[in-house]
Amino acid sequence: PSPRTCQPNGASEEALRCEIEELKQKDLALDQEIAQLLSEGYNLEELEKHISLLHEYNDIKDAGQMLLGKLAVIRGVTTKQLYPEYDLELSD
């Protein structure tokens, strides 16, 4: 994301104009990014599926982290200490 070009304060007309301009710039940047991905051979369906799978992966990972945390509390250890027991890398 690009840095903010102005600092709107409150709901003044000028602040709203500024926010609209920033949203237009963001929209243009996203359109350019989509065009670049399409030119690299990606298609929208594939990208949407990939994003959906990433969300699912993150949800499952979060649930696993929560379970490890609860198990660590029960055992009186840190979650880090449980990683080797379950063949997990710290970067997992």
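The values are calculated or read from the model by the stated rules, or taken from the named source; none is laboratory data. Quick caveat: nothing in here was measured; it's all calculated off a predicted structure. Note that each Cβ is placed from the backbone with ideal geometry, even for glycine, and that neighbours are counted across all protein chains shown. Accessible surface is based on the protein model in full, side chains and every heavy atom, while ligands, DNA and RNA are left aside. Shrake-Rupley method; radii C 1.70, N 1.55, O 1.52, S 1.80 Å.
Observations
- Pairs meeting the criteria (first residue in the range 77-90 and closer than 15 Å to Lys61 by Cα, second residue of a type in the set (Ser, Thr, Tyr) and open to solvent by less than 100 Å² (accessible area, probe 1.4 Å), beta carbons under 8 Å, at least 6 apart or on different chains) are Glu89/Tyr83; Leu90/Tyr83.
- Here the range 1-40 is the region considered, the condition is being charged (D, E, K, R) and in a loop (DSSP other than H, G, I, E, B), and the residue that is modelled with the highest pLDDT is Glu40.
- Positions within the range 41-85 being open to solvent by 100 Å² or more (accessible area, probe 1.4 Å) and either modelled with pLDDT under 90 or among the small types (Gly, Ala, Ser) (or both), in sequence order: Glu45, Glu48, His50
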